[in-house]
Amino acid sequence: MKSEPSAYSIDDLERDGRTPWDGVRNYQARNFMRDDMREGDVVFFYHSNVPEPGIVGEGTVCSKSYPDPTAFDPNDSHFDPKSSKDTPRWYLVDVCFHARYAHPVLLVELREDPHLSSMQVVRKGNRLSIMPVAEDEAQSIRVRAQG
C-alpha cells in the first residue's frame, strides 16, 4: 500500500494503531482490497512522492472489506455522488500497524533485485496505490529490511 507521508505516513499508522484505508478511487486497487485482501494479510507500507521512495514498514489487514463511508459524505474530498449505501461503489479494509523497518527498502533496491523485477511497483509509470506482492517477493523484501 502506497501513501505519501504528507497524507498518511508509517508514523501516523504507528500512532493510530489502526486506520481505514479510505479514499481509494481506482477500480483495480479497489478490487484488490474488496476481493483479494483477507484479515491477517501482511501489508507493506510504501512511502511515495519523497526523495527516496520505498517500503518503510509493515501492517496487517485487520478487517474484512466494507463500503468506504467517505464516498457517501458530500463534505469529504472523496465523495462520489454515484455511490450509495444501497449500491456502494468503493470499498476499503482496515490496516493495523505491525512494524517499522530500521532499514527502509528503497525503490532503487527493489529495481536492482532480480527476484523483484516482476513487482508492479518497480514498473515505470505505475500509479496504483495498492498492488499484490507474491510470497517470494515478500521474503526478499524482509531480508533487505533486516539490513
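Nothing in this text is a laboratory measurement; each read-out follows from the coordinates by a stated rule. Keep in mind that what you see is a predicted model, and the values were worked out from it rather than measured. We place every Cβ from the backbone using ideal geometry, glycine too, and count neighbours over all the protein chains shown.
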Rounded if a/c under 1.5, otherwise prolate or oblate - segment 2-145, Cα gyration tensor axes: prolate
FRET efficiency estimate (nearest 0.05) - Cβ-Cβ, Asp86 to Val143, R0 35 angstrom: 0.15
Estimated inter-spin distance, Val50 and Asp136, nm [label 7 Å along Cα→Cβ]: 3.0
Estimated distance in nm for a label pair at Asp76 and Val42, the labels positioned 7 Å out from Cα along Cα-to-Cβ: 3.0
On Cα atoms only, tilt of 135-145 relative to the major axis of the chain in degrees: 60
